[in-house]
């Protein structure tokens, strides 16, 4: 928590974030060269990265240098990042999406975006913040919020991912309400890159468990999103 906030404050998050993006895309291609099928890679952008004037150039350079197909990359931003300057954010998101890169709103429900603005953002995915998932078994309010976010996502033709799924009860509730993907420790703890093929190869042969996405974030955490 101290490291990331300090990196953001000093501006070092810019080169760190670029390193994360390039490393994630290069790792994805390395897995493919080792015989794994193409999988999508989700990378969190920091607020300072999102505002940086060279963001589009950096994305283009990374995709070009690593050979990563654009449609396999998903960039994740938060609601608060796009609310500082909505007009600029929409233009930037449009430019990113025009390259074929997918976009997700991370930690959805904790920011300040309105329904009228949500429909303007050119995004593909919303991710239900873990704070609404943690107490699903005990909180009627959290269950109502989760259901509302899933319903809104479906109405806007967005994929909905639930973060922080750790129990079978959370899993059952979210599957029962047609949440598209689930992500959390119930499926896998964070793993180093070399352990991912061992995780994926047995799962690929099982029709009931299909790992879809790995997220390598600027917080240096890797998690698995599993199709519900």
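Which condition does residue 123 not pass, out of (1) modelled with pLDDT under 95; (2) over 15 Å from residue 158 (Cα atoms); (3) in a loop (DSSP other than H, G, I, E, B), if it passes all the others?
Only one criterion in (1) modelled with pLDDT under 95; (2) over 15 Å from residue 158 (Cα atoms); (3) in a loop (DSSP other than H, G, I, E, B) is unmet by residue 123, namely (2).
Could you tell me which numbered condition residue 19 fails, if it satisfies all but one of (1) exposed (fewer than 13 other Cβ atoms within 10 Å of the Cβ); (2) over 23 Å from residue 193 (Cβ atoms); (3) modelled with pLDDT of 95 or more?
Every condition holds for residue 19 apart from (2).
Within region 31-49, which residues are free of Cβ contacts under 8 Å to residues at least 24 places away in the same chain and surrounded by 15 or more Cβ atoms within 10 Å (Cβ to Cβ)?
32
Among the residues of region 165-180, is there at least one that is part of a helix (DSSP H, G or I) and in contact with a strand residue (DSSP E or B) (Cβ under 7 Å, 6 or more places away or on another chain)? Walk me through how you get there before you give the answer.
Applying the first criterion (part of a helix (DSSP H, G or I)) to region 165-180 yields 168-176.
After this cut, where a residue has to be in contact with a strand residue (DSSP E or B) (Cβ under 7 Å, 6 or more places away or on another chain) as well, the list is 171, 174.
Within region 165-180, one or more residues are part of a helix (DSSP H, G or I) and in contact with a strand residue (DSSP E or B) (Cβ under 7 Å, 6 or more places away or on another chain).
Does region 126-158 hold any residues that are in contact (Cβ under 8 Å) with a residue 40 or more places away in the chain, assigned to a strand (DSSP E or B) and in contact with a helix residue (DSSP H, G or I) (Cβ under 9 Å, 6 or more places away or on another chain), and which are they?
Of the residues in region 126-158, the ones in contact (Cβ under 8 Å) with a residue 40 or more places away in the chain are 127-128, 130, 133, 149.
So of that shortlist, the ones also assigned to a strand (DSSP E or B) come out as 127-128.
128, the sole residue that qualifies.
In region 165-192, which residue that is surrounded by fewer than 16 Cβ atoms within 10 Å (Cβ to Cβ) and under 26 Å from residue 17 (Cβ atoms) is modelled with the highest pLDDT?
The residue in question is 185.
Looking at region 56-72 only, could you name the residues that are buried (at least 16 other Cβ atoms within 10 Å of the Cβ), in contact (Cβ under 8 Å) with a residue 40 or more places away in the chain and under 17 Å from residue 93 (Cβ atoms)?
Passing the criteria: 58, 59.
Filter region 94-120 for residues that are at pLDDT 90 or above, assigned to a loop (DSSP other than H, G, I, E, B) and in contact with a strand residue (DSSP E or B) (Cβ under 8 Å, 6 or more places away or on another chain) and give the result.
101, the sole residue that qualifies.
Could you identify the single residue in 76, 53 that is out of contact with any helix residue (DSSP H, G or I) (no Cβ under 7 Å at 6 or more places or on another chain) and either in contact (Cβ under 8 Å) with a residue 60 or more places away in the chain or within 21 Å of residue 161 (Cα to Cα) (or both)?
Working: 53 fails: either in contact (Cβ under 8 Å) with a residue 60 or more places away in the chain or within 21 Å of residue 161 (Cα to Cα) (or both).
It is 76.
The values are calculated or read from the model by the stated rules, or taken from the named source; none is laboratory data. What you see is a predicted model; the values in this text were computed from it and never measured. Because the Cβ atoms are built from the backbone with ideal geometry, glycine has one as well, and the counts that use them run over all protein chains shown.
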